[in-house]
Each structure stands twice: as structure tokens, then as C-alpha cells.
Amino acid sequence: VQCDGLSGQCPCKENFMGLRCDQCEENKYRDGYECPTCPACYREVQKRVNHYRWDLNTLQDAVSTLNSSQTLQSLKEDKQLTSELDLLARNLNNLKIDLEQKGLISRNTSDYNQQDVELRNSTTDLENRYRKLEQKLPDLI
């Protein structure tokens with residue numbers, strides 16, 4: 001049996017694969033010089049393998065989307081928005097302090113304080129999400 005001069009691919013017997021026909025096809029196992037079909041119980045393993053392949057394809061699509069310049073631009077815009085929200089939160093807090101000091105609002109501002117806490121928590125959550133994306137992005141590219 002002679003192998004292809006350009007690709008190096010050898011003609012394989014049934015159930016064999018690889019350039020030199022030294023591997024069994026999927027759902028086959030090596031038994032001496034043969035590659036018989038795996039037992040029926042292997043079907044459950046194969047179902048899981050196919051599920052993982054589907055998950056891998058989904059992940060590859062997500063990475064491809066992240067690699068698009070439009071997505072990178074969106075991440076930059078999100079970072080800018082997060083910075084602007086932080087500045088806004090600081091300015092609102094400073095305004096509240098100034099108004100309290102001048103007696104224009106009472107110190108009993110629990111509703112405002114609660115909203116301030118919620119805004120800060122939302123901002124922190126957005127920052128954390130952005131930082132995670134920013135950290136994972138180089139690994140995905």
C-alpha cells in the first residue's frame with residue numbers, strides 16, 4: 001500500500017484513520033490489528049462527547065463574537081460608562097453632603113442612602129463583570 005506523496009495520507013482499512021492508518025475511528029477500539037465497534041454501553045459516553053462538542057462549538061462562536069471589533073468597542077464603551085457612573089455617584093454623594101451641611105435636607109435620608117447603596121452595588125457589580133471579561137478576553141483571543 002502506497003501513501004499519497006503530497007498529503008502523506010495512506011489508504012486505510014475499514015474503521016481505521018490517521019495519516020498512517022494507526023488510529024481507530026470514533027466509536028471503535030484497538031484490538032490487535034482490528035478496530036471493532038465499541039460495546040452498546042459506550043453509547044452513553046458518545047452522547048456526552050457529542051454534547052461536549054456542541055458546548056465547545058457554542059464557546060467557539062462566543063469567542064469569535066468577542067474577537068469582533070464591534071464587541072471590543074462595546075467593552076471599551078462599557079468601561080467608559082462605568083467610569084462615568086462612578087464619577088456621577090461621587091458627585092451625587094458630595095452634593096448630598098453639601099445639602100446636609102447647609103441644612104437643606106435632613107440627615108434622615110434613609111431612602112436616599114438606600115438608593116445610594118443600591119447604585120454603588122450596581123456600579124461595583126458592573127465593574128466586577130467588566131474586570132472578569134477584561135481578564136478572560138486575552139485568554140479567549
Using a Gaussian network model on the chain with a 10 Å cutoff between Cα atoms, which of R20, R90, R48 fluctuates the most? R20
Choose one of Q46, Q101, Q135: the residue whose Cα lies farthest towards the positive end of the charge dipole of the chain (beta-carbon charges +1 Lys, Arg; -1 Asp, Glu; about the Cα centre). Q101
Where Lys and Arg each count +1 and Asp and Glu each count -1, what net charge lies around N15 among other residues with Cβ under 13 Å from its Cβ? -3
Which label marks the calculated value of percent of Cα pairs over 25 Å apart, given the options [x] 56; [y] 64; [z] 50? [y]
Pairs to check: K79/K136; K76/K136; K28/K136. Give those whose C-alpha atoms are more than 25 Å from each other in this structure. K28/K136
When the charge dipole of the chain is computed with +1 at the Cβ of Lys and Arg and -1 at the Cβ of Asp and Glu, the Cα pointing farthest to the positive end, of Q80, L19, G32, is that of Q80
Anyone know which of L59, L81, L99 comes out most mobile in the 10 Å Cα GNM of the chain? L99
Rounded to the nearest 10 Å², what accessible area does S122 show when all protein chains are kept and the probe is 1.4 Å? 60 Å²
Can you compute the charge dipole magnitude of segment 1-74 about its Cα centre, using +1 on each Lys and Arg Cβ and -1 on each Asp and Glu Cβ, nothing else charged? Give it in debye, rounded to the nearest 20. 140 debye
I want to verify a result. In a Gaussian network model of the chain, Cα cutoff 10 Å, which of these has the top mean-square fluctuation: Q101, Q80, Q60? Q101
So what does Y42 come to for accessible area, using a 1.4 Å probe and Å² rounded to 10? 70 Å²
So in the chain, which Cys have no other cysteine's beta-carbon sitting under 4.7 angstrom from theirs? C38, C41
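The values are calculated or read from the model by the stated rules, or taken from the named source; none is laboratory data. Remember, predicted model here, so these are calculated numbers, not experimental data. Heads up, the Cβs are rebuilt from the backbone with ideal geometry, glycines too, and the neighbour counts pull from every protein chain shown. Heads up: the accessible areas ignore ligands, DNA and RNA and are worked out on the full protein's heavy atoms, side chains in. Shrake-Rupley method; radii C 1.70, N 1.55, O 1.52, S 1.80 Å.
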